[in-house]
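Only one structure is covered here, and it is reproduced in the block below.
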Amino acid sequence: AVARGLGVPDRALSVRPDVAFSLEPRATGRVDEVLATHALDPGRFWAVTVRRWFTQDEATQRTEVYLHEMATVIRVALDSGRAERVAVVAHTTGPVPNEDDRIPSRRLVELLDDPRVTLVVDDLSPPEMSAFYANAELLLGTRLHSVILAAVAGTPSLAISDFGPKAVGVMRMLGLEHLCVDMGSFDADDVLDRLADIDVAGLSAHLDERVVELVDELHDAVAEMELR
């Protein structure tokens, strides 16, 4: 819609998957070290990525409300046995304070104050981070690329849309738009309802197939550009 408003003709427009879908997970000794340091057993923990509110107006208050709701989701998941451990991952660390996820991640861990929750601030490369997410049972992802890196590793996500149509569009491409909620109206009860009957194995198989299709679309797009 923005491109059309700038006068770009429809024949020149196409929607393609994010190029991060072409990334391949790379399991390294560094990934193994992070898992061991945080006592995270493969398939037996949830990963969570959070961020601060993206505008300055009421940023602290709105972030705090969101983090309290997320803490409720995690607490219920742990106490019910749905999750054994939770890794709160600082997926993005800059370059400006509002993009430093270590700040809200530490606050979330502080709110929970639970030995079953660990804070991961290790500096992994994107392929290594994807391999890390591959070991999680499930991701609650506010950072869009945490959702994508988990998807290419076959790990299902509940995506939290922080701004604009990006997260909704990506989850629609994956055929999982029912697993996308808005950060501004994030509600613990709603999220827990969405997660209640989630079929992790079925979603993982679906992701494996769909990601291959999206990568094929990317290859087609590159071929088209080369022809032009």
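The values are calculated or read from the model by the stated rules, or taken from the named source; none is laboratory data. Note that the structure is a prediction, hence the values are computed from the model and not measured. Using ideal geometry, Cβ is built from the backbone for each residue, glycine included, and neighbour counts are taken over all protein chains shown. Note: accessible area is taken over every heavy atom of the protein model, side chains too, but ligands, DNA and RNA are not part of it. Shrake-Rupley method; radii C 1.70, N 1.55, O 1.52, S 1.80 Å.
Of the residues ALA20, ALA27, the single one that is under 16 Å from the mean Cα position of the chain (by Cα) and within 23 Å of ASP208 (Cβ to Cβ) is ALA20. No other residue among ASP199, ASP208, ASP162, ASP220 is within 21 Å of VAL73 (Cβ to Cβ) and either surrounded by fewer than 19 Cβ atoms within 10 Å (Cβ to Cβ) or over 14 Å from the mean Cα position of the chain (by Cα) (or both) apart from ASP199. Pull up the stretch 96-109, narrow it to residues that are assigned to a helix (DSSP H, G or I) and out of contact with any Leu (no Cβ under 9 Å at 6 or more places or on another chain), then point me to the one that is farthest from MET70 (Cα to Cα). Ranking the candidates gives PRO97 first.
Could you identify the single residue in VAL96, VAL121 that is more than 21 Å from MET183 (Cβ to Cβ) and either out of contact with any Lys or Arg (no Cβ under 6 Å at 6 or more places or on another chain) or not small (Gly, Ala, Ser) (or both)? After ruling out the rest, the residue left standing is VAL121.
For (1) surrounded by 16 or more Cβ atoms within 10 Å (Cβ to Cβ); (2) free of Cβ contacts under 8 Å to residues at least 60 places away in the same chain, each residue gets a yes or a no:
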{"site": "ASP10", "(1), (2)": "no, yes"}
{"site": "VAL19", "(1), (2)": "no, no"}
{"site": "ALA47", "(1), (2)": "yes, no"}
{"site": "ARG52", "(1), (2)": "yes, yes"}
{"site": "TYR66", "(1), (2)": "yes, no"}
{"site": "THR72", "(1), (2)": "yes, no"}
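Of the residues contained in the stretch 123-141, one or more are found to be of a type in the set (Ser, Thr, Tyr), at pLDDT 95 or above and open to solvent by less than 30 Å² (accessible area, probe 1.4 Å). Out of curiosity, is THR28 among the hydroxyl-bearing types (Ser, Thr, Tyr) and under 21 Å from VAL73 (Cβ atoms)? So THR28 does not fit the description; no.
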